[in-house]
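Colleague: Sharing a structure below in structure tokens format, with a few things to ask.
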Amino acid sequence: MGRILAIDLGTKRTGIAVTDTLKMLANPLETIETSKLIDFLTAYFIKEEVDVIVLGHPKRLDGTPNEMTPRVLSLRNRLSKIYPDKKLVLIDERYTSKMAMQSMIAMGSKKKDRKEKAGNLDKVSAAIILQSYLEQI
């Protein structure tokens, strides 16, 4: 049985998180340039068995689509064609960036580290999305 991988898609950067092999814990993995996402996933899937891809599904507070929603849905369609053997799941990602920032503060992350949003916040957000999925299954 493979891991579960979560994606927090951004216009410039994308956060990636994965479970442990027992699918119990969500761990931040990497933040990559969005333009390199497919290459990253292909290389990762060669090294690690992944059964499920969880995509953060962006919405406004009232539940309506926002500007990122079409990009995520387009990515879902693309991934389903490239990786037909992987189950794809959309998970509501409202508040994940705020929760990620609060988590980083709670873990004692220094202000300087939090300002380096490029690496930390995106992958922590992906881990929160993944943890939300784990709590639902």
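The values are calculated or read from the model by the stated rules, or taken from the named source; none is laboratory data. As the structure is a computational prediction, the values presented were derived from the model and not from experiment. FYI the Cβ positions are ideal-geometry reconstructions off the backbone, even for glycines, and counts take in every protein chain you see.
Colleague: For residues that are over 11 Å from residue 125 (Cα atoms) and touching a residue at least 40 places away in the same chain (Cβ under 8 Å), tally how many sit in region 13-24. Before the answer, list the steps.
Modeller: Let us first name the residues in region 13-24 that are over 11 Å from residue 125 (Cα atoms), namely 13, 18-24.
Filter again for touching a residue at least 40 places away in the same chain (Cβ under 8 Å), leaving 13, 18-19, 23-24.
The qualifying residues number 5.
Colleague: Restricting to region 42-67, count the residues that are buried (at least 18 other Cβ atoms within 10 Å of the Cβ) and farther than 18 Å from residue 1 by Cα.
Modeller: Total satisfying the criteria: 4.
Colleague: Is it the case that residue 37 is surrounded by 14 or more Cβ atoms within 10 Å (Cβ to Cβ), farther than 24 Å from residue 137 by Cα and modelled with pLDDT of 95 or more? It would help to see each step written out before you state the result.
Modeller: On the way: surrounded by 14 or more Cβ atoms within 10 Å (Cβ to Cβ): yes; farther than 24 Å from residue 137 by Cα: yes; modelled with pLDDT of 95 or more: yes.
Considered against the rule, which asks whether it is surrounded by 14 or more Cβ atoms within 10 Å (Cβ to Cβ), farther than 24 Å from residue 137 by Cα and modelled with pLDDT of 95 or more, residue 37 comes out as yes.
Colleague: Here's something else I'd like to know. Name the residues in region 8-65 that are of a type in the set (Val, Ile, Thr) and in a loop (DSSP other than H, G, I, E, B), would you?
Modeller: Of everything in region 8-65, those that are of a type in the set (Val, Ile, Thr) and in a loop (DSSP other than H, G, I, E, B) turn out to be 11, 21, 64.
Colleague: From 97, 74, 103, 109, which residue is modelled with pLDDT of 95 or more and surrounded by 11 or more Cβ atoms within 10 Å (Cβ to Cβ)? Show your work before the answer.
Modeller: Numbers: 97 fails: modelled with pLDDT of 95 or more; 103 fails: modelled with pLDDT of 95 or more; 109 fails: modelled with pLDDT of 95 or more.
From the options 97, 74, 103, 109, the qualifying one is 74.
Colleague: Could you please tell me which pairs satisfy a Cβ distance under 9 Å, a separation of 6+ or placement on different chains, a first residue in region 76-93 that is in a loop (DSSP other than H, G, I, E, B), and a second residue that is modelled with pLDDT of 95 or more and charged (D, E, K, R)?
Modeller: Every condition considered, the pairs that remain are 85/51; 86/51; 93/8.
Colleague: Might you let me know whether region 56-75 holds any residue that is among the polar types (S, T, N, Q) and within 14 Å of residue 129 (Cβ to Cβ)?
Modeller: Within region 56-75 (the criterion being among the polar types (S, T, N, Q) and within 14 Å of residue 129 (Cβ to Cβ)), the answer is no, since none of the residues qualifies.
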